[in-house]
1. Just to be sure before I move on: is GLY45 surrounded by fewer than 16 Cβ atoms within 10 Å (Cβ to Cβ), touching a residue at least 24 places away in the same chain (Cβ under 8 Å) and under 19 Å from SER99 (Cα atoms) in the structure I sent?
2. Looking at (1) in contact with a Gly (Cβ under 8 Å, 6 or more places away or on another chain); (2) within 15 Å of VAL3 (Cβ to Cβ); (3) open to solvent by 20 Å² or more (accessible area, probe 1.4 Å); (4) at pLDDT below 95, find the lone condition where LEU98 falls short.
3. Please enumerate the residues belonging to the stretch 55-93 that are in contact with a Lys or Arg (Cβ under 8 Å, 6 or more places away or on another chain) and hydrophobic (A, V, I, L, M, F, W, C).
Amino acid sequence: MKVVIGAERRPALVDAEELTSLSVERAEGVTEADVDAALRGAGAGTAAEGHAWLSVAWLRGEGPGADPQWTEAFGKMIAYAAGKGWTDPQQESVRAHLS
């Protein structure tokens, strides 16, 4: 699963079915500050120090939420991330590498 910040500075969820990884990719010329502003503006999270903290609710809302298998697998992904310390205590945000 990836969140892409393109030249238009809006986050878009791609590869939502790929639930074994999570990253934020940015177009050339998009700074970390641009990513932070784009995520905050969309209610999708924040970015700083090479990582993004993505809203679990936003990710769920952008994914194929009508698919019960995806919803279950997404929940398992978040639980796995929580076990590694990659979520906030309430599991409202999940950490992703910013590239």
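1. On the way: surrounded by fewer than 16 Cβ atoms within 10 Å (Cβ to Cβ): no; touching a residue at least 24 places away in the same chain (Cβ under 8 Å): yes; under 19 Å from SER99 (Cα atoms): yes.
So GLY45 does not fit the description; no.
2. (3)
3. Step one: filter the stretch 55-93 for residues in contact with a Lys or Arg (Cβ under 8 Å, 6 or more places away or on another chain), giving 71, 74, 81, 86-87.
Across the stretch 55-93, the qualifying residues are PHE74, ALA81, TRP86.
Yes or no, residue by residue, for (1) under 19 Å from ALA82 (Cβ atoms); (2) assigned to a strand (DSSP E or B); (3) free of Cβ contacts under 8 Å to residues at least 40 places away in the same chain:
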{"residue": "VAL4", "(1), (2), (3)": "no, yes, yes"}
{"residue": "ALA7", "(1), (2), (3)": "no, no, yes"}
{"residue": "ALA38", "(1), (2), (3)": "no, no, yes"}
{"residue": "LEU59", "(1), (2), (3)": "yes, no, no"}
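The values are calculated or read from the model by the stated rules, or taken from the named source; none is laboratory data. Note that this is a predicted model, so its numbers are computed, not measured. In this analysis, Cβ positions are derived from the backbone assuming ideal geometry, glycine residues included, and neighbour counts consider all displayed protein chains. For accessibility, only protein heavy atoms count, side chains too; no ligands or nucleic acids. Shrake-Rupley method; radii C 1.70, N 1.55, O 1.52, S 1.80 Å.
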